[in-house]
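One structure is given below, encoded as structure tokens.
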Amino acid sequence: MKIKVWINDKAIATHIDGDTMLIDVLREKGYKSVKCGCDTTNCGLCTVWLEGRPVLSCAVPAARADGKHVTTLEGVAEEAEAFGRFMAAQGAEQCGYCSPGLIMNVLAMAREMKRPTETQIKEYLAGNLCRCTGYEGQYRAIRNYLAVTQGDYQLFGKGEVIEGVR
Amino acid sequence: MYTIRTFKRVESLEEAYELNQKKTTTILGGGMWLRLGNRQIQAAVDLSGLGLDTIEETDDAFVIGCMTPLRDMEVHPGLNRYFQDMIRDCLKDIVGVQFRNTATIGGSLYGRFGFSDPLTALLVLDTTVEMYKGGMIPLEDFVDMPYDRDILVRVHIRKDGRRCAYQSFRNTRTDFPVLTAAVSSKDGIWRAAVGARPKKAALIAGAAKLPERPEKKDVGALAKEARDTLKYEDNMRASADYRKILTGVLLERAVEAVCGGMDHED
């Protein structure tokens, strides 16, 4: 069947099978930030936004994206890079494999919630698994990122404001 | 993973119902569980074009379309205010926000999955499922009905002033529950359900005999009835015996949450 999807605001028409998943379309069209980590609908690595809502693209039938807007990391590259600097400042990454999915969900959270509490942050991001770390570095990076972009937070570590974010 | 020969986005429930009379047809909910199986589907019926993804509050009920994502119920202010955050409590630990943005309440209830958190919670509310042909069926009857070729269209939760609370135990957050429990009370009449035993959720009949303000021993007797009358099994997450111990703990916590504390004999 034929579908038309807006990927990062670019209209793309393509042919799919009945059981093609959204992740397959995205990767085929060159959006390689979207990766399949677990294929059991658990790890969060394949997170993209469908009409602005974070979803697991491994579990969304591509046919359901017909006529809809999909946002991948490539579509929010500037924001992703800005957040990435906070991650680097905390040495949060080890292998970095889980980052695209985490970043997409952090940015979705920042849009959905203003000044979330620690509990809210941890609940929102519970579906993004990292197998290297204990999430502490990521958590500090997220708090600092929100402190700079949303205000009213205490910064972790040295607390320097990183240029180019605001 | 499943295979789908044709993906059919229907324009009416009648069209969906007709297609679904074939055994090789499957109605898609969120598809989160379905895709992990190996079903060979000739026609996958997609209801997402029928506007069944809304939560409406009427004077006496919440009416929830079958395609409503779990996340929408979780963050719905009206539902959570009315049911004292129980809806949120029974959904927030299911995998992650991204998952709950896609998983649907219709899929979760129609499947009558053993692991279903919302099935346990909604059993202690006055919940009715609206089937396309079968009409209005109380959830407590629906839960034990055989799977048929009908379509779950909406879920109705009556606003009857009930107090309620939900508890689950998980080995690790976001995993399937090891055990779920929910209780509610209205005019001194209690309802209690236990799920993920790992069998699907069931009401405990004796809850209706609980006093208006149960003491620890009353809840203990209720837990004993659950252990004696409901089927418990072992699986990779926990043994049946462990689940039986948890039953008393979760029921006690849930009753305490509803009563705002409990009188202890000891």
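The values are calculated or read from the model by the stated rules, or taken from the named source; none is laboratory data. This is a predicted model, so every value here is computed, not measured. Using ideal geometry, Cβ is built from the backbone for each residue, glycine included, and neighbour counts are taken over all protein chains shown. The protein model used for the area step is the full one, side chains on, heavy atoms only, and it has no ligands, DNA or RNA in it. Shrake-Rupley method; radii C 1.70, N 1.55, O 1.52, S 1.80 Å.
How many of the residues making up the stretch B:24-58 are in a loop (DSSP other than H, G, I, E, B) and either β-branched (Val, Ile, Thr) or in contact (Cβ under 8 Å) with a residue 60 or more places away in the chain (or both)?
Selection size over the stretch B:24-58: 10.
Mind checking whether some residue in the stretch A:21-43 is open to solvent by less than 50 Å² (accessible area, probe 1.4 Å), in contact (Cβ under 8 Å) with a residue 60 or more places away in the chain and within 10 Å of chain B (Cβ to nearest Cβ)?
Within the stretch A:21-43, one or more residues are open to solvent by less than 50 Å² (accessible area, probe 1.4 Å), in contact (Cβ under 8 Å) with a residue 60 or more places away in the chain and within 10 Å of chain B (Cβ to nearest Cβ).
Any idea which residue in the stretch B:1-18 is farthest from the other protein chains (Cβ to nearest Cβ), counting only those that are hydroxyl-bearing (Ser, Thr, Tyr) and open to solvent by less than 70 Å² (accessible area, probe 1.4 Å)?
If we take residues in the stretch B:1-18 being hydroxyl-bearing (Ser, Thr, Tyr) and open to solvent by less than 70 Å² (accessible area, probe 1.4 Å), then B:Tyr17 is farthest from the other protein chains (Cβ to nearest Cβ).
Within the stretch A:57-75, which residues are free of Cβ contacts under 8 Å to residues at least 60 places away in the same chain and either open to solvent by 10 Å² or more (accessible area, probe 1.4 Å) or of a type outside the set (Ser, Thr, Tyr) (or both)?
Passing the criteria: A:Cys58, A:Ala59, A:Val60, A:Pro61, A:Ala62, A:Arg64, A:Leu73.
For A:Asp17, all conditions in the list (1) over 27 Å from A:Gly96 (Cβ atoms); (2) crowded, with 22+ Cβ neighbours inside 10 Å hold save one; what is the number of the exception?
(2)
Of the residues A:Arg111, A:Arg140, A:Arg85, A:Arg131, which is modelled with pLDDT of 90 or more, in contact with a Cys (Cβ under 8 Å, 6 or more places away or on another chain) and open to solvent by 30 Å² or more (accessible area, probe 1.4 Å)?
Selected residue: A:Arg131, the only one of A:Arg111, A:Arg140, A:Arg85, A:Arg131 that is modelled with pLDDT of 90 or more, in contact with a Cys (Cβ under 8 Å, 6 or more places away or on another chain) and open to solvent by 30 Å² or more (accessible area, probe 1.4 Å).
In the stretch A:85-125, which residue that is under 15 Å from A:Asn144 (Cα atoms) and not in a helix (DSSP H, G or I) is nearest to the other protein chains (Cβ to nearest Cβ)?
The qualifying residue nearest to the other protein chains (Cβ to nearest Cβ) is A:Pro116.
If you go through the stretch B:228-246, how many residues are over 18 Å from B:Ile204 (Cα atoms) and either in a loop (DSSP other than H, G, I, E, B) or within 20 Å of the chain's Cα centre (by Cα) (or both)?
6
Yes or no: the stretch B:114-130 includes at least one residue that is of a type outside the set (A, V, I, L, M), in a loop (DSSP other than H, G, I, E, B) and within 14 Å of chain A (Cβ to nearest Cβ).
Taking every residue of the stretch B:114-130 in turn, at least one turns out to be of a type outside the set (A, V, I, L, M), in a loop (DSSP other than H, G, I, E, B) and within 14 Å of chain A (Cβ to nearest Cβ).
A:Tyr124 - would you say it is at pLDDT 95 or above and open to solvent by less than 70 Å² (accessible area, probe 1.4 Å)?
When the stated conditions are applied, A:Tyr124 passes them.
Select from the stretch B:59-90 the residues that are within 11 Å of another protein chain (Cβ to nearest Cβ) and part of a helix (DSSP H, G or I) and write down the one among them that is most open to solvent (accessible area, probe 1.4 Å).
B:Arg88
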